[in-house]
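This report refers to the structure that appears directly beneath it.
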Amino acid sequence: MTSSEDRDRLQAVLEALPAGALLQSPSDEVLAVNRKFEAMFGTDGRPGLSPGRHVHRVAEIALDDGRVLRREVEPLRKGNEYLGALWMFTDISDAKRRERDLERDNRALTELARQRNTFTAAASHELRTPLSSISSFGELLADPAFGTLTAEQTSFLDAIRRNAQRMQRVISDLLLTTRLRATGPELEFAPVDVPDMLEDTLLDHMGAIERAGLFAVLDCERGPALRGDRHRLQHVLGNLLENAAKFTPAGGRVTVTAAPRGAHWDIEVADTGIGIPEEARHEIFTGFVRASNARSGGYPGTGLGLAIGRSVVEQHGGTISAGGREGEGAVFRIRLPIGGPVAGPSGDAAAGGRAPAEDAPSGGEAAP
């Protein structure tokens, strides 16, 4: 093969490379460049070539015209003989620009989140004081020592007290949401008797279930103790029961079932209410998101409860999902590992791969 054919073949190889390429001889002479290289630098361009034997290295170089190039140097050897180096250049200006834009957007979002949390905390604290006064005076008005109320006055007072309590719960939810965004749920793990926990949770919420005219059923098998935070789990379950009472017409049923399945406890809260549209079954676990039938049906709520429920369940290493059929009832399924969350390399419990959700536990109004 002639030297001309060798040069042609060498040039063809350089042209096939996806980057601008330059071939350097052992004596640091430029043997050949491809058209991509010439388009980047022009025919006389020599972007920072350094003499001497080279090792593989990668660097980013900023040009005076604003471009950023990725430079790779690959030494060429045959055995112990140094044959020169192949320099390759890739224009990464667009990628670096997108990277800078993303960093700027992240900084802006972080600042907005900080401002939102500050506002939420300040507003919640400011609302707590007048609401506490309203609740206290409501209790005083209900005291027979201050006189007997007519039936109409009693109904008015009940409405004041009921809505003040609801606002207190919303404020507590917002404050907890702010704390969760900053630090995540503060969990205290200990052995949890699941049947006992479910029975206590159902009894705590029987008042709301009975006032809604519903029938409640608890069906829980015996099984091993669950490693978890009983207080937080009861908040999650209590919120599901409150939702069932709110979204189920009188005469309906709320069913709580639980059983150990292998290495997990499976817990299910089902009702015969308005159900959840299929397209909303993932979105409702995001803070402040409510299903369309909850909004159009005039049901009060902020859409906070399910997001915190997801966060707490995932901090336990578990999962929560929504099912059922729209118009026939909702079904929420919780699966929790009996041994608790898996410890990470630092010894901390795994968080389930999600950031703390924008929500608060029992008492928060969650959308179906």
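The values are calculated or read from the model by the stated rules, or taken from the named source; none is laboratory data. A quick note: this is a predicted structure, and the numbers were derived from the prediction, not measured. When we count neighbours, we look across all protein chains shown, and the Cβ atoms used for this are built from the backbone with ideal geometry, even at glycine. These accessible areas exclude ligands, DNA and RNA; they are computed on the full protein's heavy atoms, side chains included. Shrake-Rupley method; radii C 1.70, N 1.55, O 1.52, S 1.80 Å.
In the range 133-140 there is no residue that is farther than 24 Å from Gln165 by Cβ, free of Cβ contacts under 8 Å to residues at least 60 places away in the same chain and open to solvent by less than 80 Å² (accessible area, probe 1.4 Å).
Only one of the numbered conditions (1) open to solvent by less than 10 Å² (accessible area, probe 1.4 Å); (2) modelled with pLDDT under 95; (3) not hydroxyl-bearing (Ser, Thr, Tyr) is not met by Trp265, and that is (2). Within the range 280-333, the residues that satisfy the criterion of being buried (at least 18 other Cβ atoms within 10 Å of the Cβ), among the hydroxyl-bearing types (Ser, Thr, Tyr) and farther than 17 Å from Leu241 by Cβ are Thr302, Ser311. Looking only at residues of the range 78-132 that are farther than 24 Å from Leu63 by Cβ and β-branched (Val, Ile, Thr), we find that the one that is least open to solvent (accessible area, probe 1.4 Å) is Thr120.
Would you say Pro341 is surrounded by 18 or more Cβ atoms within 10 Å (Cβ to Cβ), in contact (Cβ under 8 Å) with a residue 12 or more places away in the chain and not small (Gly, Ala, Ser)? So Pro341 passes the test.
Among the residues of the range 29-44, those identified as under 28 Å from Ser93 (Cβ atoms) and outside any strand (DSSP E or B) are Asn34, Arg35, Lys36, Phe37, Glu38, Ala39, Met40, Phe41, Gly42, Thr43, Asp44. Could you grab me the full set of residues in the range 291-342 that are within 19 Å of the chain's Cα centre (by Cα), of a type in the set (A, V, I, L, M) and either modelled with pLDDT of 85 or more or under 27 Å from Arg162 (Cα atoms) (or both)? Ala291, Leu304, Leu306, Ala307, Ile308, Val312, Val313, Ile320, Ala322, Ile334, Leu336, listed by residue number.
Taken as a whole, the condition of being touching a Lys or Arg at 6+ places or on another chain (Cβ under 8 Å), within 24 Å of Gly303 (Cβ to Cβ), at pLDDT below 75 and part of a helix (DSSP H, G or I) does not apply to Ala182.
Taking the condition surrounded by fewer than 21 Cβ atoms within 10 Å (Cβ to Cβ), among the charged types (D, E, K, R) and either at pLDDT 85 or above or over 14 Å from Leu233 (Cβ atoms) (or both), does Arg354 pass? Spelling it out, Arg354 is indeed surrounded by fewer than 21 Cβ atoms within 10 Å (Cβ to Cβ), among the charged types (D, E, K, R) and either at pLDDT 85 or above or over 14 Å from Leu233 (Cβ atoms) (or both). Determine whether the range 280-292 contains at least one residue that is farther than 21 Å from Thr319 by Cα and out of contact with any Gly (no Cβ under 9 Å at 6 or more places or on another chain). Within the range 280-292, one or more residues are farther than 21 Å from Thr319 by Cα and out of contact with any Gly (no Cβ under 9 Å at 6 or more places or on another chain). Counting only residues that are open to solvent by 50 Å² or more (accessible area, probe 1.4 Å) and either charged (D, E, K, R) or closer than 22 Å to Asn293 by Cβ (or both), the range 226-237 holds 2 of them.
A single member of Thr154, Thr129, Thr90, Thr118 is modelled with pLDDT of 90 or more and either of a type in the set (Ser, Thr, Tyr) or in a helix (DSSP H, G or I) (or both), and it is Thr90.
Selection of first residues in the range 148-172 that are open to solvent by 80 Å² or more (accessible area, probe 1.4 Å) and of second residues that are among the polar types (S, T, N, Q), restricted to Cβ pairs under 8 Å at least 6 apart or on distinct chains, gives the following pairs, ordered by first then second residue: Gln165/Ser135.
Scan Arg77, Arg46, Arg53, Arg70 and give me the residue that is basic (Lys, Arg), at pLDDT 85 or above and farther than 26 Å from Arg98 by Cβ. When all the criteria are applied, what remains is Arg77. Look through the range 140-151, keep the residues that are small (Gly, Ala, Ser) and in a helix (DSSP H, G or I), and return whichever of them is farthest from the chain's Cα centre (by Cα). Restricting to residues being small (Gly, Ala, Ser) and in a helix (DSSP H, G or I), the top hit is Ala145.
For Thr272, the stated conditions hold: it is at pLDDT 95 or above, buried (at least 18 other Cβ atoms within 10 Å of the Cβ) and of a type in the set (Ser, Thr, Tyr). Taking the criterion of being open to solvent by less than 70 Å² (accessible area, probe 1.4 Å) and part of a helix (DSSP H, G or I), the residues of the range 7-28 that qualify are Leu10, Gln11, Ala12, Leu14, Glu15. Within the range 214-225, not a single residue is open to solvent by less than 60 Å² (accessible area, probe 1.4 Å), of a type in the set (Gly, Ala, Ser) and under 20 Å from Phe285 (Cα atoms). Here the range 238-262 is the region considered, the condition is being of a type in the set (A, V, I, L, M) and over 14 Å from Ile334 (Cα atoms), and the residue that is surrounded by the most Cβ atoms within 10 Å (Cβ to Cβ) is Ala244.
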